[in-house]
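See structure below.
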Amino acid sequence: MNVRPSRTLLSLLIVVSCEAHAATVYVHPSSAWQISSWRYFKGIEEPPSNWREVDFDDSSWPSGKAPFGYGVKGFVRYGTVLADMQERYTSVLLRKHFYVDDLAKTSALKLSVNYGDGFIAWLNGVQIASQNAPATPTAASTAMAEHPARAEHHYEVFPEDAAPLRLGRNILAIQMFTRSRDRASALLDASLI
């Protein structure tokens with residue numbers, strides 16, 4: 001199976017490994033943060049309602065390297081520091097494009113996330129995981145509970161069905177949330193394996 005990056009080298013660096021008839025789509029976390037980027041939208045105002053969909057045009061959104069956040073001490077190196085997030089907004093929307101050219105060789109996926117305080121993830125518009133997230137997210141939504149991000153690069157893993165994958169262009173969309181505007185830190189880093 002071949003996976004082609006969209007326009008830029010990937011933060012989620014997409015690598016493929018094949019054994020016999022199995023293939024893995026791998027979107028690597030921040031060890032590759034220097035060479036990859038996501039499109040992102042700060043939750044200062046409501047985004048277009050179709051922002052999670054593959055065909056949404058995110059070309060006007062800024063691009064930034066993962067991980068995204070501020071205030072986490074330790075081993076975390078931010079690709080994109082959201083210095084203006086504290087006291088101003090509680091969510092950030094992220095989009096990462098990748099390509100798949102052989103669905104027959106793609107099976108189950110795993111979403112790995114290091115986050116503080118919550119998130120929802122969608123693959124091609126289908127929700128695949130969430131933690132501490134509101135039922136109906138808006139730009140002003142907050143996480144339902146506190147969850148300190150791990151500075152040690154500890155990722156929680158969520159097994160996923162590969163069903164939402166499409167032949168060709170795909171999108172991993174994530175909305176990250178903090179518990180409140182006055183939180184001392186925020187973080188989101190993710191990989192799809």
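The values are calculated or read from the model by the stated rules, or taken from the named source; none is laboratory data. Just so it is clear, the model here is predicted, and its values are computed rather than measured. Neighbour counts are summed over all protein chains in view; Cβ atoms, including those assigned to glycine, are modelled from backbone coordinates with ideal geometry. Just so you know, the surface numbers come from the protein's heavy atoms only, side chains and all, with ligands and any DNA or RNA stripped out. Shrake-Rupley method; radii C 1.70, N 1.55, O 1.52, S 1.80 Å.
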#### Entry: residue 110 versus residue 60: modelled label distance in nm, points set 7 Å from Cα along the beta carbon direction
4.0 nm
### Task
Give the Cα extents of segment 88-128 along the principal axes, in whole Å, largest first.
44, 16, 15
### Query
So, in Å, what gap is there between the alpha-carbon centers of segment 43-58 and segment 111-137?
15 Å
### Query
For segment 34-169, which whole-number percentage of the solvent-accessible area (1.4 Å probe, protein heavy atoms only) is attributable to carbon and sulfur atoms?
50 percent
### Message
About the Cα centre, and with charges only on the beta carbon of Lys, Arg (+1) and Asp, Glu (-1), how big is the dipole of segment 51-126? Nearest 20 debye, please.
### Response
400 debye
### Message
Amide H of residue 193 versus every other amide H placed in the peptide plane: which residues, excluding those fewer than 5 positions away on the same chain, fall under 5 Å?
### Response
27, 110, 111, 112
### Summary
Low-density loop GluC sites (Glu not before Pro), segment 123-174, at most 15 other Cβ within 10 Å, DSSP non-H/G/I/E/B, are 146, 152
### Query
Treating the beta-carbon of each Lys and Arg as +1 and of each Asp and Glu as -1, no other charges, what is the dipole magnitude of segment 108-193 about its Cα centre, to the nearest 20 debye?
240 debye
### Task
Could you order peptides 117-127, 95-105 by the average number of other Cβ atoms within 10 Å of their residues, highest first?
117-127, 95-105
### Query
Taking only the alpha-carbon positions of segment 62-193 and ignoring solvent, what does the Debye formula give for the base-10 log of I(q)/I(0) at q = 0.17 Å⁻¹?
-0.86
### Query
If you find the alpha carbon centre of segment 80-97 and of segment 143-193, how far apart are they in angstrom?
13 Å
